[in-house]
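Shown next, in structure tokens, is the structure this report addresses.
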Amino acid sequence: MFEHLHRHWHDRQFRNITDLFESDPNRASEFSVTAADLYLDYSKTDIDRTARHLLLDLCSVTNLSDQISLMFSGDAINCTENRPALHPALRNLNGTPLYVNGTNVMPDVLRTLKFMEQFTAKVRENEWSDSREPIKDVVNIGIGGSDLGPAMATAALAPYHDGPKCHFVSNIDGAHISDTLKNLDPISTLLIVSSKTFSTIETMINARTARDWLLQGGGNPARQMVGITSSPDRAAAFGIDASLIFYFSEWVGGRYSLWGPTGLPIMLAIGHDAFRTFLNGAHDIDVHISSTSGHKNLPVMMALVSLWHSQICGYSTRAILPYDQRLSLLPSYLQQLEMESNGKGVQKNGCNLTHPACPIVWGAAGTNGQHAFYQLIHQGLQIVPCEFMVAAQAHEPDLTHHHNWLIAHCLAQSEALMRGRDVNETRQLIEHDFDGAELERQTRHRMFNGNRPSVTLLYPKLTPRILGQIIALYEYRVFIEGAILGINSFDQWGVELGKVLASNLYSIVAAPESSERTTGSTRALLDIIREKRAK
Ligand code: F6P
């Protein structure tokens, strides 16, 4: 499938991104694309017109538009679990019918949204909790998709917070729940137990600890514990009051679930009107993806740029670099979204992939990353395609100079990665300080090869609507890459084996005398732990 692209990559005329700009004065506008309020510049990559043409061919060869239609028509595109992946229904506020097995799911979706809104209004208007103590804090207990999305979005929308303060506990490490609860009042805290399966061990253990804390502090679990799940029976068996169970369907994948009840903490923090705006932002991209073709389709182009880097150029990682402090959790969120979705070795038809499908996703908010890992990005031998993100406008009108600096840094980095600084320029810069062999040695340390690819995603301001657009964009990028590579992006079998082994090991850790059942290295580690505990 990639032969033509590989051939083009080897034979291409211009090998430097800067030469591409020289050969095409319109490159910046030609190699950029907009969707709703988002603008993606991919001109600072070495994709030329032929490469783009060949990349777009992949969409027709793999029937991409049909695959997108299957998603919206509620087909069981998650073929190993025999389920649709219809999360766009959760942001389809106009109620246009969407079907699963012949049933229009929209009435249920909108009913659940209403239920969330009524509950949220009561909490925010101080009409919740027995004692009539207003709810001041909300603790969301969940992990993976039941944590990363709502935690990231809640942090991103801080300027819109006018409700209770939301906290997120995910790790089974007792430090997490203990540090979170220690400053909270059990009388004025609402606990949200968020788990699609309501069986994830981390969440269940944390939820029990939190319930004990609530009870011991005089709180009322029947009013102060809500459940968010696709398994309402398990939530009820856990003891969540039936009237406080927010249900979402099996066809919503955990890492795609923040648009529905999993997004309750976001709604509590920003209110239901702003939450609806957030959903509408995502819907902007749903409309864009289904109504825009070819190189004008932003998620398609973003996916193709990614495939170019991972499948053709062979770059194995991708750095996510939001120059937006409030998006500092975005890299972690995208790690799950991308690596749990496309970190697969087998295609839908059971055939083995011959090349890694998903880059390793990592990153940090700018400018902090500049003082940590950018050294490697600029001069290390690995090429790391970078994804810069920045808002034209900040939320702090009296700190415009901060934002001007932020933008300057963001643009400077992509420019530096592309241009580099050659030997002659570098030598000239330092020839007053050094000479002879020392000048040559110093020059080698201070020069930059450049020609390193990046894309920049620009948006007007990090509002609820634009955050919705950004997240939906990334969801589609993942789906499109998976669809072109023939992967099921909606299952995650790779996380199962470790869970099974942890369950077996728990009884050995808790009762070390039975350690004979473990193997060499693990047994040795357990012995040392036992020894250290005994001291
Ligand atoms: O890590 C595996 C996983 O199944 C994720 O896909 C999911 O988001 C997370 O665990 C939490 O699952 P649940 O919401 O069922 O507790």
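The values are calculated or read from the model by the stated rules, or taken from the named source; none is laboratory data. Here the structure is a predicted model, which is why all the values come from computation and not from measurement. When we count neighbours, we look across all protein chains shown, and the Cβ atoms used for this are built from the backbone with ideal geometry, even at glycine. Side chains are part of the model used for accessible areas, which takes the heavy atoms of the whole protein and leaves out ligands, DNA and RNA. Shrake-Rupley method; radii C 1.70, N 1.55, O 1.52, S 1.80 Å.
A few remarks follow.
- Among the candidates Tyr506, Tyr459, residue that is aromatic (Phe, Trp, Tyr) and in contact with a helix residue (DSSP H, G or I) (Cβ under 8 Å, 6 or more places away or on another chain): Tyr459
- Matching residues, region 395-423, being in a helix (DSSP H, G or I), open to solvent by 70 Å² or more (accessible area, probe 1.4 Å) and under 27 Å from Leu376 (Cβ atoms): His402, Trp405, Leu411, Arg419
- Boolean, Arg255 is within 11 Å of the ligand (Cβ to nearest atom), out of contact with any strand residue (DSSP E or B) (no Cβ under 6 Å at 6 or more places or on another chain) and farther than 22 Å from Gln118 by Cα: yes
- Candidate set: region 91-108, residues that are part of a helix (DSSP H, G or I) and open to solvent by 20 Å² or more (accessible area, probe 1.4 Å); chosen: the one farthest from Leu244 (Cα to Cα): Pro107
- Filtered by the rule that a residue be open to solvent by 40 Å² or more (accessible area, probe 1.4 Å), under 22 Å from Thr154 (Cα atoms) and either more than 15 Å from the ligand (Cβ to nearest atom) or modelled with pLDDT under 95 (or both), region 177-210 gives Ser178, Asp179, Lys182, Asn183, Asp185.
- Of the helices (runs of 4 or more DSSP H) lying entirely inside region 17-81, the ones with 2 or more residues being more than 29 Å from Asn280 (Cβ to Cβ) are found at 17-23, 27-30, 49-61.
- Qualifying residue in region 20-27 (condition: open to solvent by less than 20 Å² (accessible area, probe 1.4 Å), of a type outside the set (D, E, K, R) and more than 26 Å from the chain's Cα centre (by Cα)): yes
- Sole exception among (1) open to solvent by less than 70 Å² (accessible area, probe 1.4 Å); (2) more than 28 Å from Ala274 (Cα to Cα); (3) free of Cβ contacts under 8 Å to residues at least 12 places away in the same chain for Asn63, by number: (1)
- Flag if Arg223 is on the phi < 0 side of the Ramachandran plot, surrounded by 15 or more Cβ atoms within 10 Å (Cβ to Cβ) and modelled with pLDDT under 95: yes
- Flag for Lys348 being within 16 Å of the ligand (Cβ to nearest atom), touching a residue at least 12 places away in the same chain (Cβ under 8 Å) and under 27 Å from Arg52 (Cα atoms): no
- Tally, over region 223-239, of residues that are within 14 Å of the ligand (Cβ to nearest atom) and among the hydrophobic types (A, V, I, L, M, F, W, C): 3
- Of all the residues in region 463-504, those that are touching a residue at least 60 places away in the same chain (Cβ under 8 Å), assigned to a helix (DSSP H, G or I) and within 16 Å of the ligand (Cβ to nearest atom) number 12.
- Taking residues in region 72-84 that are in contact (Cβ under 8 Å) with a residue 12 or more places away in the chain and under 12 Å from Lys348 (Cα atoms), and partners anywhere that are open to solvent by 50 Å² or more (accessible area, probe 1.4 Å) and part of a loop (DSSP other than H, G, I, E, B), the pairs with Cβ atoms closer than 6 Å and at least 6 places apart or on different chains are Cys79/Lys348.
- Val455 vs. criteria over 30 Å from Leu38 (Cβ atoms), at pLDDT 95 or above and β-branched (Val, Ile, Thr): no
- Output for region 159-172, where each listed residue is open to solvent by 40 Å² or more (accessible area, probe 1.4 Å) and either touching a Phe, Trp or Tyr at 6+ places or on another chain (Cβ under 8 Å) or more than 16 Å from the ligand (Cβ to nearest atom) (or both): Pro159, Tyr160, His161, Asp162, Lys165
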